[in-house]
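The block underneath contains the structure these notes are about, expressed in structure tokens.
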Amino acid sequence: MRRPRWLIPWLLMAPGLLWLLAFFVLPNLQMVAMSLSSGTIGTGFQLTWEFNNYLGAFGRFPDNFRNSLVYGGLATLLTFLIGYPLAYGIAFRGGRYKNLLLFLVIAPFFTSFLIRVISWRIILGDNGPIIAIARDVLSLVPANFSIINTPLAVVSGLTYQFLPFMVLPLYVSLEKIDHRLIEAARDLYAGPWRRGGLVWGAAGGALLVGVLLFALGYADPSLDGLLGSLPVMVVGGFAGAGIGSLLVSESFVRVTFPLSLPGVFAGSILVFIPAIGDFVNAELLGNPKTQMVGNVIQGRFLQQNDYPTAAALSFILMAAILVAIAIYARVLGTEELTGGRA
Amino acid sequence: MSEHATSRIQAALSRRRFLQGTTLAGFGAFLAACSGGSSPSPTGAASPAPGDTTPPSSGPQQPTGPLNFANWDAYVDVEDDGVTSPTLVEFTETYGVEVNYANAQIEDNAGFVATIRPQLQAGVDTGWDLIVLTDWMAAKIVEAGWAEKIDEANIPDAVANLRDELKGLPWDPNQEYHYPWQSGATGIGYNSVSTGRELTKVADLFDPAFATKVTLLNEVRDTLSLIHRMLQAQGLASDNPSEELTVEDVQAVVDYVQPFVDSGHIRAFTGNEYLADFGTGTTWAAIVWSGDLASSAGPDDVFVYPEEGSNIWTDNMLIPKGAKNKYTAELMVNWVYDVERAARLANWIYYISPVNGVADAITELDPEAGDNPLLFPPADVVAKQHPLPNWSEADESAILDLFSTLTGE
């Protein structure tokens with residue numbers, strides 16, 4: 001008896017689909033029901049179609065949502081800026097040390113996640129090595145400056161924890177690039193990215209410094225704050241212009257980077273989605289004003305047994321992430337993402 | 001077929017067989033890993049499904065095992081390797097039953113109970129035979145009927161040696177469901193070198209000289225009751241004793257503390273992490289638990305019982321309903337109430353022992369420990385010690401909401 005052809009794909013997908021159904025779809029349906037319920041853990045939760053839970057949840061914790069988006073976004077940006085040169089170096093210049101270098105990138109993951117975050121409390125502490133260098137040796141910061149329990153500490157922790165998630169997809173994507181295309185670009189007079197590098201580098205550098213200062217709370221969101229941070233932004237602009245015009249080549253801008261966009265997309269999602277939902281870094285490295293949505297959800301679930309609000313917050317977070325990813329995919333363009341053409 | 005084709009097919013067959021073999025082996029390993037230990041215990045030995053147990057026979061009871069014992073961190077004496085506990089090893093040698101001691105399984109009361117609440121509500125075995133919870137959570141467990149009654153015939157030492165101050169609690173007046181493991185005090189800890197002076201009151205934490213160097217506890221009952229008593233001493237709060245904090249009292253505390261949090265004077269709300277902060281000099285003064293500084297602090301870190309009065313809390317042993325090895329759990333409860341063993345435990349844990357006569361026994365092991373006020377608070381301190389508040393469910397959610405506005409969650 002001939003097996004009907006239409007059945008075969010379904011049979012192949014059946015294990016995966018059943019797993020998704022049992023461990024993803026059904027729990028999510030249960031959580032949706034919980035988010036529309038009311039009651040307490042003592043009296044039990046009843047499904048009362050309480051759509052107010054969503055409005056109330058969003059209205060009560062706007063700061064936490066803002067913190068999550070800002071810190072998650074900054075972490076993604078910083079892991080990209082740190083991880084791309086790292087992946088590029090390993091892929092293009094690694095030679096026979098490629099595997100060793102990749103192993104070194106992943107090696108911290110062998111320790112427990114919690115230990116890594118707690119050890120950063122000590123590294124960023126007021127008598128720790130980083131402050132000692134910045135304050136005592138280089139005198140870059142005033143005497144009462146501290147990093148721990150500030151947004152800078154939270155973003156640093158997030159960047160450190162998620163760096164491998166950005167480096168590995170970028171490496172895979174860069175590894176596949178055909179070097180003959182770069183040779184061809186050089187044959188066609190691709191040189192240092194002078195004019196474009198100057199403009200884009202200066203703008204990018206100044207913008208990056210400005211975003212960091214405002215988002216991490218070191219400059220007030222006002223005109224005075226803007227004027228006060230102009231000097232540092234100018235320095236950033238100069239640095240960016242220098243890097244852009246001297247270290248970046250046109251073949252990179254026109255050939256390598258567009259070909260690596262699938263890796264950029266994959267790495268960004270792998271960092272952005274867990275970073276927004278993270279709560280451990282904000283709890284151990286932050287202060288009461290830097291708490292993220294993940295902390296609120298954890299507190300509501302475990303401390304206050306307020307399951308409806310926690311479930312509603314989880315779904316709002318899920319929706320926000322889906323919207324952000326959809327916009328991101330649209331901006332990057334779907335052909336580049338599937339590696340169709342540069 | 002040509003030789004070349006035959007050998008290629010042979011090679012392909014053997015490669016296919018190799019792939020099949022490794023897939024089966026991998027699948028088998030995956031199944032084994034899944035069904036093996038699944039709980040996140042650091043000792044790695046705690047799995048929620050204990051080994052087989054024989055049903056109690058009608059004759060003299062035999063202890064069954066292994067005993068699944070969940071506890072907080074640093075709460076049992078350990079050798080230098082940091083894992084073997086003399087007390088537990090001797091228990092195994094005497095009774096022939098393994099002890100599955102899940103160190104640091106409990107990091108906070110609400111978080112741990114959240115993991116066993118579904119089983120307790122459904123009336124099935126939680127996988128634990130003995131757990132240790134603080135007063136207020138133990139009260140909730142007992143009031144919900146989720147604790148087994150302890151058979152007094154099996155615990156003669158515990159009944160005889162329990163300190164009188166710990167008897168007759170309102171939520172278990174006849175001592176039927178719980179026995180204290182260790183008590184502790186909450187007070188003020190500070191680094192004498194960084195602060196440059198002595199601190200004696202909770203109010204000293206709010207000294208402007210210590211801005212950004214102060215942390216409070218994220219344990220809501222400790223923090224709120226200490227600050228409430230500080231406000232009472234300053235005439236800024238009601239006369240309610242701190243054991244009976246009302247929502248209005250908490251509102252007054254939150255209103256007082258909020259400006260200090262906003263300005264960054266109070267840097268964070270921590271759990272045990274304050275120990276690392278004292279070590280790095282990030283925190284100069286904080287609300288702390290007595291035993292942590294006693295056992296793990298630097299030479300300049302000092303613990304004081306504040307003038308406004310400190311908190312005394314007790315972590316209690318409970319046997320959850322449906323425990324498979326109830327008799328063995330009772331034997332363990334009795335085991336740690338022997339005076340010599342209790343002295344050895346207290347000498348290591350450096351908290352306050354619930355066993356009578358430990359003060360004398362401990363001077364043989366460590367002469368200084370007998371005089372240590374963190375282990376044996378003097379009478380004038382004991383007179384000003386208050387237990388932690390207990391709230392009704394409605395009050396509790398309102399108070400937790402208020403506290404979460406302080407901690408930012």
Take the residues in segment B:356-394 that are crowded, with 16+ Cβ neighbours inside 10 Å and within 30 Å of A:Asp306 (Cβ to Cβ), then tell me which one is farthest from the other protein chains (Cβ to nearest Cβ).
B:His386
Regarding segment A:312-319, can at least one residue be identified that is modelled with pLDDT of 90 or more and outside any helix (DSSP H, G or I)?
no
Name the one entry in B:Phe278, B:Phe269 that is outside any helix (DSSP H, G or I), within 14 Å of another protein chain (Cβ to nearest Cβ) and of a type in the set (Phe, Trp, Tyr).
B:Phe269
If B:Ala237 satisfies every condition in (1) more than 12 Å from chain A (Cβ to nearest Cβ); (2) closer than 21 Å to B:Val304 by Cβ; (3) free of Cβ contacts under 8 Å to residues at least 40 places away in the same chain but one, which is the exception?
(2)
Looking at B:Trp136, B:Trp181, B:Trp72, B:Trp146, which is the one that is among the aromatic types (Phe, Trp, Tyr), within 14 Å of chain A (Cβ to nearest Cβ) and under 18 Å from the mean Cα position of the chain (by Cα)?
B:Trp136
Spot the failing condition for B:Ile188; the list is (1) assigned to a strand (DSSP E or B); (2) exposed (fewer than 15 other Cβ atoms within 10 Å of the Cβ), and only one is missed.
(2)
For B:Asn316, are the conditions met, namely being more than 14 Å from chain A (Cβ to nearest Cβ), under 28 Å from B:Glu273 (Cβ atoms) and either part of a helix (DSSP H, G or I) or out of contact with any Lys or Arg (no Cβ under 7 Å at 6 or more places or on another chain) (or both)?
yes
Name every residue in segment A:165-203 that is surrounded by fewer than 19 Cβ atoms within 10 Å (Cβ to Cβ) and either under 19 Å from the mean Cα position of the chain (by Cα) or of a type in the set (S, T, N, Q) (or both), in order of residue number.
A:Val172
In segment B:143-153, the residues that are buried (at least 17 other Cβ atoms within 10 Å of the Cβ) and either of a type in the set (Phe, Trp, Tyr) or more than 16 Å from B:Gly123 (Cβ to Cβ) (or both)
B:Trp146, B:Ile150
Inside segment A:282-331, can you point out the residues that are within 20 Å of the chain's Cα centre (by Cα), within 12 Å of chain B (Cβ to nearest Cβ) and without any contact (Cβ under 8 Å) to a residue 24 or more places away in the chain?
A:Glu283, A:Ile297
Counting only residues that are within 23 Å of A:Pro85 (Cβ to Cβ) and within 11 Å of another protein chain (Cβ to nearest Cβ), which one in segment A:98-129 is surrounded by the most Cβ atoms within 10 Å (Cβ to Cβ)?
A:Trp120
Within 14 Å of another protein chain (Cβ to nearest Cβ) and either within 21 Å of B:Ser290 (Cα to Cα) or in contact with a helix residue (DSSP H, G or I) (Cβ under 6 Å, 6 or more places away or on another chain) (or both): which single residue out of B:Ile116, B:Ile106, B:Ile141, B:Ile155 fits that description?
B:Ile106
Looking at B:Val254, B:Val302, which is the one that is assigned to a helix (DSSP H, G or I) and β-branched (Val, Ile, Thr)?
B:Val254
Take the conditions small (Gly, Ala, Ser), crowded, with 18+ Cβ neighbours inside 10 Å and assigned by TED's automatic domain parsing to the domain that holds B:Lys201 and apply them to B:Ala233. Does it pass?
no
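The values are calculated or read from the model by the stated rules, or taken from the named source; none is laboratory data. Remember, it's a predicted structure, so these values are computed and weren't measured experimentally. Don't worry about glycine lacking a Cβ; one is built from the backbone with ideal geometry, like all the others, and counts go over all protein chains shown.
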